[in-house]
1. Is one or more of the residues making up the stretch 181-197 part of a helix (DSSP H, G or I), polar (S, T, N, Q), within 19 Å of residue 108 (Cα to Cα) and touching a Lys or Arg at 6+ places or on another chain (Cβ under 9 Å)?
2. Give just the number: which of (1) within 20 Å of the chain's Cα centre (by Cα); (2) at pLDDT 80 or above; (3) of a type in the set (Lys, Arg) does residue 142 not satisfy?
3. So residue 100 clears everything in (1) modelled with pLDDT of 80 or more; (2) more than 19 Å from the chain's Cα centre (by Cα) except one condition, right? Which one?
4. Checking residue 150 against (1) in a helix (DSSP H, G or I); (2) over 17 Å from the mean Cα position of the chain (by Cα); (3) in contact (Cβ under 8 Å) with a residue 40 or more places away in the chain: exactly one of these is not met. Which one?
5. Please count how many residues of the stretch 69-90 are in contact with a Gly (Cβ under 9 Å, 6 or more places away or on another chain) and of a type outside the set (Ser, Thr, Tyr).
6. Just give me the residues in the stretch 49-69 being loosely packed, with under 15 Cβ neighbours inside 10 Å and more than 15 Å from the chain's Cα centre (by Cα), in sequence order.
7. Working carefully through the options 56, 97, find the one that is touching a helix residue (DSSP H, G or I) at 6+ places or on another chain (Cβ under 7 Å) and free of Cβ contacts under 8 Å to residues at least 60 places away in the same chain.
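The values are calculated or read from the model by the stated rules, or taken from the named source; none is laboratory data. Quick caveat: nothing in here was measured; it's all calculated off a predicted structure. With ideal geometry, Cβ positions are generated from the backbone for all residues, glycine too; neighbour counts draw on all protein chains shown.
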Amino acid sequence: MKADERKKMILEYAKRLFSRKGYYNTQISDIVHEAKIARGTVYQYFKNKDDLFVTLIRNFYNEWERNISLGMHKIDLKTIDPVDYFFFRVRNTLQFLANDADLCNIVLRMGIGLSGGLESSIRRFEKKIQNLIIADLRLGIRNNHVRKDLNIEMTSNLITGALLRTALYFFTHKKNRINPAEIEKITREITGIFAPAIFIQKNI
């Protein structure tokens, strides 16, 4: 097995264990046992359990950024309706979170209560989502699609919270994997709640 494949395998087993047992209840020995590798193999790639956990989270939000970037190629920013664009952004984020229930569980449910460095690595992901929403809202205001009197900070927090809490409920609490039609329905409902408060009437 190549080095990068072995590292990826270790991360995969660690992810499942962190999701199932929690960060503090998962030990390097558990990962070694599940992956059926020597203890020293883990330390060839990671300094300790913290390093392993932070690498997982960093990979998660790097993948999210790639997903957002690739998603932008699917739409025409010059012609897309502002509400349709909002719908696209919400659906894209929910689909990404739904694709990996274990990481979704780790990021959304386990983040609170971890030691400072670990919790801040998770909070960075939330901040990335919020910053993207802020940028979109400011662009909408400049293009006369979004209300100029909108409280951007509060609105971005509300949308971020709605996305993450929705993902936590539907993607980690439910036993069965959610299907694309359900994500589409959830996205429509979220859009229906936020759009009237965000967009200038002519765009709704």
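1. Yes, some residue in the stretch 181-197 is part of a helix (DSSP H, G or I), polar (S, T, N, Q), within 19 Å of residue 108 (Cα to Cα) and touching a Lys or Arg at 6+ places or on another chain (Cβ under 9 Å).
2. (1)
3. (2)
4. For residue 150, the failing item is (1).
5. 4
6. The one that is loosely packed, with under 15 Cβ neighbours inside 10 Å and more than 15 Å from the chain's Cα centre (by Cα): 51.
7. 56
For every residue, the table says whether it meets (1) hydroxyl-bearing (Ser, Thr, Tyr); (2) closer than 20 Å to residue 171 by Cβ.
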residue: 35; (1), (2): no, no
residue: 45; (1), (2): yes, no
residue: 49; (1), (2): no, no
residue: 71; (1), (2): no, yes
residue: 82; (1), (2): no, no
residue: 106; (1), (2): no, yes
